[in-house]
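Data block below; observations after.
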């Protein structure tokens, strides 16, 4: 039995309303994080007020209807091009800011790897902190790897795992279980 698709005008209007407000099907909430609605309202208001003011000014200066229409169309086009250029510059600036923040976050993650030692004593027999020793081994292992091997998460994890196991074995006398998780950003 075939099920008829509901293409009623009410359903289409509801879908259009969800699209305009940024709502998602099945949700009563709107997506309010973006500035789309705000930009739309401000842009429409600005465009209407600017065009109306220009047309009224030209109409007050001359009685020639062609000149008033020409001024209105010219103002409409100039406003549209101006808003498009402004939006383009704004979006590009935002993209550059996001890319810069991603670079900063990547550098922070690279500068401060997270190391968690479970079941390993805090200090070795010489009184040195094992977590400091392991941290130094991780940094020197990563820096000593060729760039191509550093890009491969599995190869990087295996190299770090082996170096940590060898270092802890040297300082503690036991080979611990070692799990390395590489976060790729």
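Taken together, the values in this text are just the output of simple stated rules run on the coordinates, not laboratory data. This is a predicted model, so every value here is computed, not measured. Glycine also receives a Cβ, built like all others from the backbone with ideal geometry; neighbour counts cover every protein chain displayed.
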Centroid-to-centroid separation of the range 57-115 and the range 119-184 [C-alpha atoms, Å]: 49 Å
Range of Cα positions in the range 113-185 per principal axis (Å), largest first: 37, 20, 18
Protection proxy ranking, peptides 136-143, 63-70, average beta carbon neighbours within 10 Å, highest first: 136-143, 63-70
Alpha carbon convex hull of the range 37-101, volume per residue in cubic angstrom: 69 Å³
